1. Given contacts defined as C-alpha pairs under 8 Å and at least six residues apart, what's the relative contact order of the range 51-141, whole-number percent?
2. Under 5 Å between amide H atoms, partner at least 5 residues away or on a different chain: which partners does residue 303 have, H built in plane at 1.01 Å?
3. Could you give me the ³J(HN,Hα) list for the range 318-332, computed from phi with Karplus coefficients 6.51, -1.76, 1.60 and θ = phi - 60°, whole Hz, x at Gly and Pro?
4. Just flag the chymotrypsin sites (Phe, Trp or Tyr not before Pro) in the range 201-292 sitting in loop per DSSP whose Cβ has no more than 16 other Cβ atoms within 10 Å.
5. What does the extension gain come out to for residue 188 and residue 170, with contour length at 0.36 nm per residue minus their alpha carbon separation?
6. Counting only residues 5 or more places away or on other chains, whose amide H sits under 5 Å from the amide H of residue 279 once H atoms are built in the peptide plane?
7. How large is the Kirkwood hydrodynamic radius of the range 228-331, in angstrom, based on all distinct alpha carbon pairs?
8. For the pair residue 230 and residue 243, how long in nm is the line joining their label points, each one 7 Å along Cα→Cβ?
Amino acid sequence: MMRCRISRVFVCVASLLSLTAVLNAHHNGTRYFPFLEKPEDIVIKKRSQLTPEFVYLMASTAHKHGGGNGGIPELWGKYDLKDVLASLAAVQGAEVTNSVKNILSPDLRDKSLKFRVDGKIHAQGLALSYEHALKWEGLSVGVWIPVMHVSALSRFELELNNAQSVEGFARPLATVVNGDSVLNAEGRAIDTAQRAAHDKLGFIGNQWDAAGVGDIDLHARWNYFIDHQWLMRSIDNYIQIGVLIPTGMTTKVSEPLSLPAMGNGHWGMYFDVVPEFELKQDWKFGFMFGGLYQFKETKNMRLPVGNEPAPYSALTGRVEVQPGVTAKLSPYFTLENLTDGVHFQIRYTYLRHSIDKWYDRRSDTTIPSYLSSGTNVAQHEQMSKWRSHFFSFQLMYDAKQAMQNWGMEPLLYVTYDLPISGNGIAKTHQISVGARLHF
């Protein structure tokens, strides 16, 4: 009788938490590398386990703010050389800016010169996790950490209209050869000016490579198991709380392509709630919801002066960042023993990150930023919010269920995470191959 009351209380709490999931978050606050959790990471069946996992991630486009496809660097806003030069003039003065503008034709120096900025991301690494079942009923503790190598590449291309020119300019800047636009001398001068502006900003090329660890995830987990109730063969309920330690790679001021591996230097706390229902033999349905709150951090960053995207601003200084919260909801269905020990799982994941708040903490605000001047604040804040939708497909082989007498009873798996829709987030495809080794 007491067991039944406890089970009802647990399910009521889980239902209440599911209604408030939009107020909470996902383990990972970055919009470049999803690192989606798998149910088997949490539903461990009261066994200690060690999981090495190889991960490969790739993205070449992004879901733009407002819909459609765009370049990954454009997640911070549209690149206009006119805006970048205005930022350069505000920070380094007219003399420096004029040395760039003089590369252009006189009637182009104050024109809007928009560029399409494409980018590609490749990352590969090894993620290691360990979960230790404690003696106390249903309790366990664990740690997770990825080690990664990341490379990013960008390409700038002047946007031209049907007349092979830019708005408000009469002369063509390119000619069409075999279906491609080939810049003429004036067009090539714009390209040269764009590279000269980046030299003045102190940027290091259009490529970035780095290797390092991600954020360390330390967590505790509680499980409550219900057997043959509510027309179910079983119900496995898990609640997990954790802390993210900011040991991962962060963005660099001199490298606009540098990407945060995870939380970009912010500490975080999160929770997950995972109820899994065994509907009938070998049919399981569950859902994961919960997430992460990240703490504010003050760091040296590029801070827009006007309309220019933050990574391409000439102004640098101390900025206090309070990240938004990120919601996660992820239902899944597992068919077990399609043949002995072979399981298949399909999972949907919805992520939503709210607006980040920035505060200008420079000791010298003689040069106004968009924050200190109060202009375009909402416009820049909108660039920090994002949402995404993923489908995940997972194939597993359970040596124990296949009656294989293998040491450590491994569960082998391969997972493909497919981005299907989103807003303000990189379209990152992820493949994971791993083995869960049990003790």
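Just so you know, all these numbers are worked out from the coordinates, no wet-lab data involved. Small disclaimer: the values here were computed from a predicted structure and weren't measured. All Cβ positions, glycine included, derive from the backbone under ideal geometry; neighbour counts span all protein chains shown.
1. Over the range 51-141, the number comes to 44 percent.
2. The answer is 315, 316, 317.
3. For the range 318-332, the Karplus curve yields 6, 10, 8, 10, 10, x, x, 8, 10, 8, 9, 9, 9, x, 8 Hz.
4. 230, 267
5. 4.8 nm
6. Long-range HN contacts for residue 279: 284, 285.
7. Numbers: mean 1/r = 0.0593 Å⁻¹.
It works out to 16.9 Å.
8. Here the modelled spin labels are 3.3 nm apart.
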